[in-house]
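Report on one structure; see the data block that follows.
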Amino acid sequence: MKLSRQFTVFGSAIFCVVIFSLYLMLDRGHLDYPKSPRREGSFPQMLDVYSLIPFDNPDGGVWKQGFDITYKPDEWDTKPLQVFVVPHSHNDPGWLKTFDDYFREKTQYIFNNMVVKLKEDPRRKFIWSEISYLSKWWEAIDVQKKDAVKSLLENGQFEIVTGGWVMPDEAGAHYFAIIDQLIEGHQWLEKNLGVKPRSGWAIDPFGHSPTMAYLLKRAGFSHMLIQRVHYAVKKHFALHKTLEFFWRQNWDLGSVTDIFCHMMPFYSYDIPHTCGPDPKICCQFDFKRLPGGRYGCPWGVPPETIYPGNLQNRAEMLLDQYRKKSELFRTTVVLAPLGDDFRYTERTEWDHQFKNYQLLFDYMNSHSQYNVKIQFGTLSDYFDALEKEASASSRNSQSIFPVVSGDFFTYADRDDHYWSGYFTSRPFYKRMDRILESHLRAAEILYYFAMKQAKQYKISKFLSSSHYVMLTEARRNLGLFQHHDAITGTAKDWVVVDYGTRLFHSLMNLKKIIGHSALLLILKDKHSYDSYSSDTFLEMDLKQRTQSSLPQKNVISLSAEPRYLVVYNPSEQARSSVVSVCVSSSAAQVSSASGKPVEIQMSAVWDTATTVSQTAYEISFLAEMPPLGLKVYKILETSSSNPHLAKYDLYNGNIANEGIFNMNNIKSAQEAITLENSFIRLRFGQSGLMEEMLNKGDGKSLEVKVQFSWYGTTSKKDKSGAYLFLPDGEAKPYVYTTPPFVRVQRGRFYSDVTCFFEHVTHRVRLYNIHGVEGQSVEISNIVDIRKEHNYEIAMRISSSINSQNRFYTDLNGYQIQPRVTMSKLPLQANVYPMTTMAYIQDAERRLTLLSAQSLGVSSLKSGQIEVIMDRRLMQDDNRGLEQGVHDNKITANLFRILLEKRSVVNMEEDQKAVSYPSLLSHITSSFLNHPVFPMTEKVPVPTLQLLGEFSPLMAPLPCDIHLVNLRTVQSKVDGKHSNEAALILHRKGFDCRFSSRDTGLLCSTTQGKILVQKLFSKFTVVSITPSSLSLMHPPPDARNISEINLSPMEISTFRIHLR
């Protein structure tokens, strides 16, 4: 490997601490952001805010969770109040009804009426965010309607806010999918409407992540709005007038990542909670609730139609609320959203709201004694007015707004009702989401490469295929699932099935795209593609039968005729991984493309816990694969095959020797069960659960106990449901009366211990290889709680690490957020979302749980990490879903445990608001989330000739740079693509105090530099230009670049054209 101009990993480690800090200060982003004014003082971290807040929940009067607001009548004499009333309609792409049903019954009418009603009066305004719905309507309407929408956008009456495919969940969604749905929405807008959203609008996700703030900033947004934040945090921010702030990433030492954020102050985004502090009054100004309509005001006083006789009284009542609301902010500009779920469906509602409000506006504006200027506005109208006002009143370039860092989890909307249940709800689909993500990324990359070769060799069959249409549909199905009622597990049962069916359908299609693209890339004679590709020629080794079942391995039927086995490595690193496939014969042999046999381990395939299949065998071998590349092997049946047979020790059961495997039945375990490889030794207890880990590097052992436990739900009136976690106290240990059947398998490439409990099949596996995957322990749990009522099952890892009350969880797979378990909060408040990892540490060790699915996690005692794997709840939790969670499936959870030695630790460092995984942890996580894809010929074709490998990169990417996506860009024509792709790169921030020596990392770090001409080996870069994250904004001087430069933590998008 060439190391000129590069540092080796460990060479750079010493360098790295210093450089890391320096780099964070430099902005090398692509967007020419206006140079930010200096912000006020040292900025608060949300962790500090939590330690200040008493969380005592006193009664605040009309604003139940706040306080009484007073003002002096002459406050606006010098500067009048400016009020922007912003009409909106919140459309969930699936919740109580499916996406299609909502569209048919509600959403299409909102759009149709909008076109008519906004036209009637140029002062009327409306905002919209979900492009999934807009695009569906767009496909069905005529040119006149389309032109009407364009003119409403041009004259500023209609605004698209955020403009993603959906308004995504911010706890369980991975940054890959959040970016992808943002690009899908923005690309659709560019093509169909030519508009670029400027303001973010997230009124319904259940808690908010700074990752979203970062991604919006990188996409070119300057403002955003959030709503669902813990009521005590809202009150604290309102008291200090910090509801509007610059949200800064906790790792940013400058102000590069700052984005202006408005936090809505009250309980909800509906009209009763948006005009001011008193919902009883605000409700009277929701004119959909006029008497005689379908629903009224729960506070008992209905709205009145405005007429000259009540105009003054009503105007003054409403203005009083707006004035009180303005007292919570630092300027005289007020935002008053006007909308709710699926509002403005009927023309009468448009008339009632817009006509009554216009009368109120005209009255207030024409009476100068009120000192108010009030009008309908869009979200950007509000932010623009605010910016103008703020820059006029800012002192000597010191901004009047504070800076805040951290996140807004875990959300509670009242009392002890913490929304930590949804971090785990419907975990089957949270896992399926990630499987679809890894397939989509693999398909995107292979498709772009294959399309380039198809163009070069004029392979019409590939070029005319429907691959790009299927790819677009998969992007949209994955995007839809990021919605805050989808991946969250908070929709009705049949809506969940609808989402699942879409994911499953796209998974099947992506497997086809991967198979076809890989075939074209690996064919010796590209022109022979036409004759082979009719059937999916290369078939994936996993088959999933339905949207609700677990994937099963295909059994490859062998013969003396060798068939090809092609392995794809989706990682940007060279990789040696164990590949396992199932075959029909015990006389199997695997050889390299040139015919040299490779070592294989043969293991039993178990039909049940205790019966061995007589027709299928698992073979495993070590595959060495180029980065983002394909490697070819051959597999056949031959009498000269010589596999290493796995050996079996069986405890608490009795299995006869069947077939070729030696089964050793052990009545009672005298000595402990141990597994080891060259890095780690594990010790297990009698019931097959892990008890101790020994790192061979330093020879020190650590107690690491895995146990299962149950949470019940409280006996109070309000119980746990899809959203809420309301446990009946601490978890109870998982008890079993008879010792579980334990199966120990020892083999050439991996060994494992599997124990069979009633609700969990738990497997701990150690890979006997020298690469990255040998240094951590794989844990697989197959969970089945379908017979339980009101129980949640958790896996607890207890260790002797002295972590006290601190632990760390990731946010969206992008960054780490330090956590403090607080005794002043209820148990459920100390549960946080984990997307890809959680860790605990002390001065000597760090113990990381890496996860292949999003789940809720906590560290309730020192040395513990606990993850909730599934929950089955028999009642609704009163948040509108009107059902419990009882559609549980047999669910697979996949984890890795990594134990690392810490060196040069200054314990004060650990009190900081920022932390980073090690390089090894990042790459382990990447390998866990992006497993290799083995594919075989469906039917052996003797004439087929493949290359030995396809290796698209000249060298692996630097260790800390991740290729997020290589996403073919659409063309102006529907269903077609252009020659360009979006190359999205992420430079990971890592903690360089963890030694990278002997970790098997075969890559280097280069301080974030990549030479463009040294990137690809099979393709020429025609052009590469920087862009904003979602391709909306080319930089002012979009020139072809020859070197890519990324700062730590930076995610950047480039438009690339390969040939």
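The values are calculated or read from the model by the stated rules, or taken from the named source; none is laboratory data. Here the structure is a predicted model, which is why all the values come from computation and not from measurement. Note: ideal-geometry Cβ built from the backbone for every residue, glycine included; neighbour counts use all protein chains shown. Each accessible area value is taken on the protein alone, full model and side chains, heavy atoms only, with ligands, DNA and RNA left out. Shrake-Rupley method; radii C 1.70, N 1.55, O 1.52, S 1.80 Å.
Using 0.36 nm per residue, how much length does the chain from L860 to Q804 gain when fully extended, once their Cα-Cα distance is taken away? Mind dumping the intermediate values first?
Working: separation 56, 0.36 × 56 = 20.16 nm, distance 0.93 nm.
Full-extension gain reported as 19.2 nm.
Rolling a 1.4 Å sphere over the protein heavy atoms, what is the accessible area per residue of the chain, to the nearest Å²?
Working: 37040 Å² over 1059 residues.
Per-residue value: 35 Å².
Angle check, please: helix 175-192 long axis (alpha carbons) against the longest principal axis of the chain (alpha carbons), in degrees 0 to 90, nearest 10.
60
Tell me, what is the percent relative contact order of region 534-623, built from C-alpha pairs under 8 Å that lie six or more residues apart? Walk me through the numbers before you get to the answer.
Values: 116 pairs, mean separation 24.1, N = 90.
Here the relative contact order equals 27 percent.
Treating cross-link reach as a plain straight distance, find the aspartates and glutamates whose alpha-carbon is under 12 Å from the alpha-carbon of K196, omitting any fewer than eight places away in the same chain.
By straight Cα distance, K196 reaches E154, E159.
7 Å from Cα along Cα→Cβ at both K553 and N657: what's the point-to-point distance in nm?
2.4
How charged is the neighbourhood of V334? Take every other residue with its Cβ under 13 Å from the Cβ of V334, and add Lys/Arg as +1 and Asp/Glu as -1.
Local charge sum for V334: 0.
How far apart, in nanometres, would the label points at L311 and S51 be if each is projected 7 angstrom from Cα along the Cα-to-Cβ direction?
Label at L311, label at S51, 5.7 nm between them.
Determine which lysines satisfy two conditions relative to K901: a Cα distance under 26 Å, and not lying fewer than 8 residues away in the same chain.
Filter leaves K696, K700, K705, K861, K912, K988.
So, counting K/R as plus one and D/E as minus one, what does the shell of residues with Cβ under 13 Å around L52 add up to?
Result for the local shell: 0.
Whole Å is fine, so just give me how far the alpha carbon centre of region 160-207 lies from that of region 221-296.
19
If you average the alpha carbon positions of region 86-101 and of region 910-943, how far apart do those two centres end up, in angstrom?
First find each Cα centre; the distance between them is then 36 Å.
Of the accessible area of the chain, with the probe set at 1.4 angstrom, what percent is carbon plus sulfur? Let's see the in-between values first.
On the way: 19230 of 37040 Å².
Carbon-and-sulfur percentage of accessible area, whole number: 52.
Hey, what do the phi angles of region 596-606 turn into as Karplus ³J(HN,Hα) couplings, whole Hz, using 6.51/-1.76/1.60 and θ = phi - 60°, x for Gly and Pro?
7, x, 10, 5, 10, 9, 10, 10, 6, 9, 9
Pairs of alpha-carbon atoms within less than 8 angstrom and 6+ residues apart define the contacts here; what relative contact order does the chain have, in percent?
14
In whole angstrom, note down how far apart the Cα centers of region 387-412 and region 601-636 are.
57
Rounded to the nearest 0.05, what FRET efficiency is calculated for N642 and S394 with R0 set to 51 Å and r the Cβ-Cβ distance?
0.05
Using helices alone, I'd like the mean residue ellipticity at 222 nm for the chain: each DSSP H run of four-plus residues gives -39500 (n - 2.57), total over residue count, nearest 500.
Values: 19 runs with 248 residues, N = 1059.
The per-residue figure over the chain is -7500 deg cm²/dmol.
What angle, in degrees between 0 and 90 and rounded to the nearest 10, separates the Cα long axis of helix 379-393 from the longest principal axis of the Cα atoms of the chain?
So the inclination is approximately 70 degrees.
Starting from the Cα of K325, draw a straight line to each of the lysines and keep only those under 21 Å, dropping any in the same chain fewer than 8 residues away.
Here the lysines satisfying the reach criterion relative to K325 are K64, K72, K79, K234, K235, K241, K280, K373, K388.
In terms of modelled amide H atoms, which long-range or inter-chain residues lie less than 5 Å from the amide H of F708?
Here the answer is Y734, R796, since their amide H atoms fall under 5 Å of that of F708.
Express in nm, to one decimal, how much length is gained between H527 and S1042 on full extension, taking 0.36 nm for each residue of separation and deducting their alpha carbon distance.
Taking 0.36 nm per residue and subtracting the Cα distance, the gain is 182.0 nm.
So, R0 is 51 Å and r is the distance between the beta-carbons of Q456 and R123; what FRET efficiency does that work out to, to 0.05?
Calculated value: 0.35.
Can you give the extra length, in nm with one decimal, that the chain gains between V1022 and K146 once fully stretched, where that is 0.36 nm per residue apart less the Cα-Cα distance?
311.7 nm
Using 7 Å Cα-to-Cβ label points, what is the S366/Y736 separation (nm, one decimal)?
The two pseudo-label positions are separated by 8.0 nm.
Hey, got the dipole for the chain? About the Cα centre, +1 on K and R Cβ, -1 on D and E Cβ, debye to the nearest 20?
1960
List the trypsin sites (Lys or Arg not before Pro) in region 70-134 that DSSP assigns to loop (not H, G, I, E or B) and whose Cβ has at most 16 other Cβ atoms within 10 Å. Which are they?
Listed in order of number, the matching sites are R123.
Within the set of other residues whose C-beta is less than 9 Å from the C-beta of F126, count the net charge using Lys and Arg as +1 and Asp and Glu as -1.
That sum, taken over residues with Cβ under 9 Å, equals +2.
Show me, for region 1030-1046, the HN-Hα J-couplings you get by feeding each phi into the Karplus relation (A = 6.51, B = -1.76, C = 1.60, θ = phi - 60°), rounded to Hz, glycine and proline as x.
Karplus values, whole Hz, x for Gly and Pro: 9, 6, 6, 10, x, x, x, 10, 5, 10, 5, 10, 10, 9, 9, 10, 10.
Using 1/(1 + (r/R0)^6) with R0 = 30 angstrom and r between the beta carbons of V941 and E624, what's the FRET efficiency to the nearest 0.05?
In this case the efficiency is close to 0.70.
Taking Cα pairs under 8 Å and at least six residues apart, what relative contact order does region 339-497 come out at, in percent?
This gives 17 percent for region 339-497.
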